[in-house]
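Q: One structure coming up, written as structure tokens, with questions to follow.
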């Protein structure tokens, strides 16, 4: 004679699981830990006196309080060509007298106004960084996306090698100037 | 009534025996991909989009700083505010806050503290630049502007 098998009632299992699921849906968030990485300059008082930088080594991007763009003194409405302009400027190596002497000396200067929106700022900074990452990726022989992935994990010696190869001789000189005050607050 | 009754009875039930398994799978998916809310963000967060995103290496070294218009605008006004750890702070308090955050880290990792700036798209550069100046003074110079992946047009 067979004993009745002891069984856990599983009709309510789905309900319990749904409850747990709802609990996790409500109390958790999707982590978003991605963004544009930047290194700020040293504190203002620790800086040495102003060093004169020749005009040709500066790529000036200015954004005013109504988010309009001035690139090297010229108004620019469409930003699609900006990345190539920056790349040409950095990799000039003294060929064109208007562009930089060498990638090491080239500085991309981004000056905003206190009234510029963060959205516009991120858009321009993104383009400037894209130009640099494109150059690094080219030099290291990987794609832009791969290079950024490699740069995120430098503990791996292979990644470090690719990263160093890409960055060799080309520091990322993106300077963010103190904003002007025309737009108020 | 019996006129309308169908002759052949087709079984119409959705099989529910596998329902718990399906739901458990969903549950595990959410448990693995999400993380618990640590702070309730009281400022608007319309994170801007960008293409050149970098991922943060180590979560323990990252501290969030939120800037945006307060959600309770009738109480706090519409000017963008700075929020850290559930409270609004003024620009002058940032150095103190950074130092407190650095104290929480082991000594050899203090210099690697990264500030993740989660800034609303419509916030102005003025307030952000003020925050940056304070961060420079506090010697927390690694920052990250939070951004979402922009889908590139082809």
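Q: If one takes the longest principal axis of the Cα atoms in chain A, at what angle in degrees, from 0 to 90 and to the nearest 10, does the Cα axis of helix A:118-140 lie?
A: Helix A:118-140 sits roughly 90 degrees off the main axis of chain A.
Q: Tally the DSSP beta bridges in chain A and give the antiparallel ones as a percent, rounded to 5.
A: Values: 6 of 16 bridges.
Once the DSSP bridges in chain A are tallied, antiparallel ones form about 40 percent.
Q: Express the relative contact order of chain B as a whole percentage, based on alpha carbon pairs under 8 Å and six or more residues apart in sequence.
A: RCO, chain B: 28 percent.
Q: Now a separate question. If one computes P(r) from the Cα atoms of the protein assembly as shown, what percent of pairs lie at distances over 28 Å?
A: 54 percent
Q: Let me ask something else. Just check region B:67-154 against the gyration tensor rule for me: Cα atoms, a ≥ b ≥ c as the square roots of the eigenvalues, rounded for a/c under 1.5, and otherwise prolate or oblate depending on whether a/b exceeds b/c.
A: It is oblate, given that a/c is not under 1.5 and a/b is not larger than b/c.
Q: So, one more: For chain B, set up a Gaussian network in which alpha carbons nearer than 10 Å are linked by springs, and say which option among B:114, B:34, B:60 fluctuates the most.
A: Of B:114, B:34, B:60, the most mobile in the Gaussian network model is B:34.
Q: Relative to 2.2 N^0.38 Å, what does the C-alpha radius of gyration of chain B come to as a ratio? Two decimals please.
A: Here the Cα radius of gyration is 1.64 times the empirical estimate.
Q: Which value in deg cm²/dmol, rounded to the nearest 500, describes the helix-derived mean residue ellipticity at 222 nm for chain B, given -39,500 (n - 2.57) per DSSP H run of n ≥ 4 and division by the residue count?
A: -8500 deg cm²/dmol
Q: So, one more: Normalised by the number of residues in region A:105-185, what is the relative contact order in percent for Cα pairs under 8 Å and 6+ residues apart?
A: Dividing the mean separation by the residue count of region A:105-185 yields 52 percent.
Q: Could you tell me the relative contact order of chain A? Use alpha-carbon pairs under 8 Å, at least six residues apart, and round to a whole percent. Don't skip to the end; give the middle numbers.
A: On the way: 208 pairs, mean separation 38.1, N = 185.
For chain A, the relative contact order is 21 percent.
Q: Cα atoms only: what Rg and Dmax, in Å, come out for region A:1-153?
A: Gyration radius and largest Cα-Cα distance of region A:1-153: 26.7, 101 Å.
Q: Quickly estimate the mean residue ellipticity at 222 nm for chain A, helices only: each DSSP H run with n ≥ 4 gives -39500 (n - 2.57), and the total goes over all residues, rounded to 500.
A: -11500 deg cm²/dmol
Q: Using only Cα atoms, find the angle between the long axis of helix B:19-33 and the longest principal axis of chain B, and express it within 0 to 90 degrees, rounded to the nearest 10.
A: Long axis of B:19-33 versus the principal axis of chain B: about 10 degrees.
Q: Can you tell me the orientation of helix A:157-167 relative to chain A, as the angle in degrees between its alpha-carbon axis and the longest Cα principal axis, to the nearest 10?
A: Relative to chain A, helix A:157-167 is tipped by roughly 30 degrees.
Q: Just want the ordering: B:134, A:104, from fewest to most Cβ atoms lying within 10 Å of their own Cβ.
A: A:104, B:134
Q: I need the shape label for region A:80-158. Rule: rounded when a/c is under 1.5, else prolate if a/b > b/c, else oblate, with a, b, c from the alpha carbon gyration tensor.
A: Oblate, since a/c reaches 1.5 and b/c is not below a/b.
Q: Now, a different point. With a 10 Å Cβ neighbour count serving as the proxy for reagent exposure, in which order, fewest first, do A:121, B:29 appear?
A: Starting with the residue having the fewest Cβ neighbours, the order is B:29, A:121.
Q: If r is the Cβ-Cβ distance from residue B:60 to residue A:16 and R0 is 22 Å, what FRET efficiency results, to the nearest 0.05?
A: Approximately 0.05, to the nearest 0.05.
Q: Can you sort A:102, A:37 so the residue with the fewest Cβ neighbours within 10 Å comes first?
A: Sorted ascending by nearby Cβ count, the order is A:102, A:37.
Read the figures in this text as sums done on the coordinates, not as results from a lab. None of the values given here were measured: they were computed from a predicted structure. Note that we place each Cβ from the backbone using ideal geometry, even for glycine, and neighbour counts take in every protein chain shown.
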